[in-house]
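> Provided herewith is a single structure, encoded as structure tokens, for subsequent inquiry.
What follows is calculated from the coordinates using simple rules that are stated; it is not laboratory data. From a predicted model like this one, the values you see are computed outputs, not experimental measurements. Cβ placement follows ideal geometry from the backbone for every residue including glycine, while neighbour counts extend to all protein chains displayed.
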Amino acid sequence: MNSDIETSASFPNMSSMKVLIIGSGGREHALAWKAAQSSLVDDVLVAPGNAGTALEPGVRNVAIAVEDIDGLLQLAIDENIQLTIVGPEVPLAAGVVDRFNERDLRCFGPNAGAAQLESSKAFAKAFMARHAIPTAAYAVVDTVADGMDKAKAIGFPLVLKADGLAAGKGVVIVEDEQQAETTLQDMLSGNAFGAAGHRVVVEEFLVGEEASFIVIAEGERAVPLASSQDHKRRDDGDLGPNTGGMGAYSPAPAVDQAMHERIMAEVIQPTLQGMAADGHRFTGFLYAGVMLTDAGPKVLEFNVRFGDPETQPILMRLQSDLVQTLLTVLDGRIDEVELEWDPRTALGIVVAAGGYPDAYAKGKVISGLDAVPTAEIKVFHAGTRMDGDQVVTSGGRVLCVTALGDSVAEAQARALDWAGRIGFDGAFYRRDIGHRAIARASND
Ligand code: AMP
Ligand code: GLY
């Protein structure tokens, strides 16, 4: 990456830029926190944000929902926003980037065509089959009878996935025919996941360790971010139901140099080339959730955005200027980007509301947020909001307590210690985030 001086020279009149972050979760708090550190930026707006972004120095919230594309566009025009970074998938699938680009506004993320890689699992599976990108064997069904035929052919355990966006929760691992039938009925009748479930992907169950591989992409070129690993299950030992993610850490030792090169060559490059060839040039964060199987990396899912909670530990480690990086990419100069990383491990523990991922209470007062942690620790907010002077819960994943350490164990101990100082009625969190890397280190 160029020095600040050279890059500022190529973005004249931008030493006091305004940046807009779209979203309200832990990912967006981390993006806003990082953007506010940029030498190019003096004002970061978050729409709609949370209590963490409201309290973050140099950052302010604007009460516009992520689905309100007209409102977001008007905000960007009125405030003279010079870079917008889109956090969640919903506005991307709704075409926020297309709309901003029509008005010559810089907006980092894929257009609606390219966002289908996440917004339709059936699209993603057909795309991977067409471009020989390794993934689990599958079939797409829209009736229970057809689903049962395909399930029996694939064998158990297998995985059933609602076709559309279901906030990371539309995936069920089924053990036998009876569970398959009940789950198919629930999904196809629209009970469990609404309109997202009217088509179901029936998929082979893959065995291995999972990793999140996220790149900054521009057309057919990509700069990889540091590797990371999420923990999708609710409970310690990777038990309990799937969630949006209960904690993550970076780097993930499971992705060694050889695996990194395989994922770039076998997954990322063919995906970007395939998308371009299909008329959906991809610009934005491309996230491949991969299973590291004995037969090599296989794609579990694509996301067309940064991961949550992966963003929190990844950005804790990123030493380069994020805003400068994304402007350079949007300027067509991704080849000039070289990212610098803190060599330490960052590990984030999600503090969730009792009941999550099912129904949970909101409006609980959060205590322990006033204490100022050391520079190795950052409390990113997710489902929080201000209620007068108090911070209260407003979502299932409430906070992500993130810490740096010289080892995974040290980062985990620091994050656990700090998470223990914060509380609200019904709060719970996993105590074993990073367990695979810790076990690996103790086996070395
Ligand atoms: P997805 O939203 O497709 O990533 O699925 C959510 C989680 O379900 C993944 O992170 C995996 O832990 C699990 N999963 C999804 N697909 C498979 C599969 N084919 N084999 C094994 N586990 C899977
Ligand atoms: N952490 C998984 C996701 O962002 O979808």
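> Listed here are the pairs 161/362; 34/298; 150/232; 18/362; 34/364; 232/298; which of them are more than 21 Å apart at the Cα?
Pairs exceeding the cut-off: 161/362; 34/298; 150/232; 18/362; 34/364.
> Please rank 89, 102, 28, fewest neighbouring Cβ atoms within 10 Å first, as an exposure proxy. Before the final figure, lay out the partial values.
Working: 89 22, 102 10, 28 30.
Ranked by crowding around the Cβ, least crowded first: 102, 89, 28.
> Now for a different question. Return the long-range amide H neighbours of residue 136 (sequence gap of 5 or more, or a different chain), with a cut-off of under 5 Å between placed amide H atoms.
Placed amide hydrogens put 299 under 5 Å from residue 136.
> Less than 17 Å apart at the alpha-carbon level, and either on another chain or at least 8 residues along: which aspartates and glutamates does that give for residue 121?
Answer for residue 121, where 17 Å is the Cα cut-off: 89, 142, 163, 203, 204, 278, 301, listed by chain and number.
> From the helices alone, meaning DSSP H stretches of at least four residues, give me the mean residue ellipticity at 222 nm for the chain, per-run term -39500 (n - 2.57), in deg cm²/dmol to the nearest 500.
Mean residue ellipticity at 222 nm (helix-derived): -8500 deg cm²/dmol.
> Need one number: % antiparallel among DSSP beta bridges in the chain, to the nearest 5. Mind dumping the intermediate values first?
Working: 65 of 82 bridges.
Roughly 80 percent of the beta bridges in the chain run antiparallel, per DSSP.
> Which whole-Hz couplings ³J(HN,Hα) result when phi for each residue of segment 233-241 is put into the Karplus expression 6.51 cos²θ - 1.76 cosθ + 1.60, θ = phi - 60°, listed in order with x for Gly and Pro?
Couplings: 7, 5, 10, 3, x, 6, 10, x, x Hz.
> Of all the C-alpha pairs in segment 301-444, what % are more than 23 Å from each other? List each step's numbers first, then the result.
Numbers: 4599 of 10296 pairs.
Tail fraction, whole percent: 45.
> Just want the ordering: 38, 120, from fewest to most Cβ atoms lying within 10 Å of their own Cβ.
120, 38
> How far is it, in nm, from the label point at residue 371 to the one at residue 386 when both lie 7 Å from their Cα along the line to the Cβ?
Taking the simple label geometry, residue 371 and residue 386 are separated by 2.4 nm.
> Another question about this same structure. About the Cα centre, and with charges only on the beta carbon of Lys, Arg (+1) and Asp, Glu (-1), how big is the dipole of segment 225-373? Nearest 20 debye, please. All intermediate terms of the calculation are to be shown ahead of the outcome.
Details: 12 positive and 21 negative charges, 96 e Å.
Value, rounded to 20: 460 debye.
> Also, quick follow-up: Starting from the Cα-Cα distance between residue 340 and residue 417, subtract it from 0.36 nm times their residue separation and give me the gain in nm to one decimal. Show your work: numbers first, answer last.
Numbers: separation 77, 0.36 × 77 = 27.72 nm, distance 2.81 nm.
Value of the extension gain: 24.9 nm.
> What is the extension gain from residue 126 to residue 153, computed as 0.36 nm multiplied by their sequence separation minus the C-alpha to C-alpha distance, in nm to one decimal?
Details: separation 27, 0.36 × 27 = 9.72 nm, distance 1.91 nm.
Stretched fully, the residue 126-residue 153 segment lengthens by 7.8 nm.
> Tell me, in nm to one decimal, what length is gained between residue 273 and residue 207 on full extension, where the rule is 0.36 nm per residue of separation less the Cα-Cα distance? Intermediate results must be reported in sequence, preceding the final value.
Values: separation 66, 0.36 × 66 = 23.76 nm, distance 2.76 nm.
Roughly 21.0 nm would be gained on extension.
> Please work out whether segment 179-299 counts as rounded, prolate or oblate from its C-alpha gyration tensor, where a ≥ b ≥ c are the square roots of the eigenvalues and a/c under 1.5 means rounded, while otherwise a/b larger than b/c means prolate and anything else oblate?
Working: a/c = 2.05, a/b = 1.34, b/c = 1.53.
Here segment 179-299 falls in the oblate category.
> Taking R0 as 60 Å, what FRET efficiency do you get between residue 181 and residue 37 from their Cβ-Cβ distance, rounded to the nearest 0.05?
On the way: r = 52 Å, r/R0 = 0.87.
Approximately 0.70, to the nearest 0.05.
> OK, next. Check which residues have an amide H placed less than 5 Å from residue 427's amide H, if you skip close sequence neighbours.
For residue 427, the qualifying residues are 354.
> Here is a further query. Compute, for segment 294-444, the length of the dipole vector about the Cα centre, with Cβ point charges of +1 (Lys, Arg) and -1 (Asp, Glu) only. Units Debye, rounded to 20.
Working: 16 positive and 22 negative charges, 121 e Å.
Approximately 580 debye in magnitude.
> On alpha carbon coordinates alone, what is the Rg over Rh value for segment 1-151, Rh being the Kirkwood radius? It would help to have the intermediate numbers written out before the result.
Working: Rg = 19.3 Å, Rh = 17.4 Å.
My calculation of the ratio gives 1.11.
> What is the dipole size for segment 49-193, taken about its Cα centre, with +1 at each Lys and Arg Cβ and -1 at each Asp and Glu Cβ, in debye to the nearest 20? Before the final figure, lay out each step's value.
Values: 11 positive and 20 negative charges, 84 e Å.
It works out to roughly 400 debye.
> In whole Hz, with x marking every Gly and Pro, tabulate ³J(HN,Hα) for segment 84-91 from phi via Karplus 6.51 cos²θ - 1.76 cosθ + 1.60, θ = phi - 60°.
Each residue's phi maps through the Karplus curve to give 10, 10, 9, x, x, 6, 4, x Hz.
> Using 7 Å Cα-to-Cβ label points, what is the residue 67/residue 104 separation (nm, one decimal)?
Inter-label distance under the simple model: 3.3 nm.
> Let me ask something else. Take the Cα pairs of the chain, get the Kirkwood Rh, then feed it into Stokes-Einstein at 37 °C and 0.692 mPa s and tell me D in µm²/s.
Values: Rh = 22.1 Å.
After rounding, the answer is 148 µm²/s.
> Please list 3J(HN,Hα) in residue order for segment 61-69, calculated via the Karplus relation 6.51 cos²θ - 1.76 cosθ + 1.60 where θ = phi - 60°; whole Hz, with x for glycine and proline.
8, 10, 7, 10, 6, 5, 7, 8, 5
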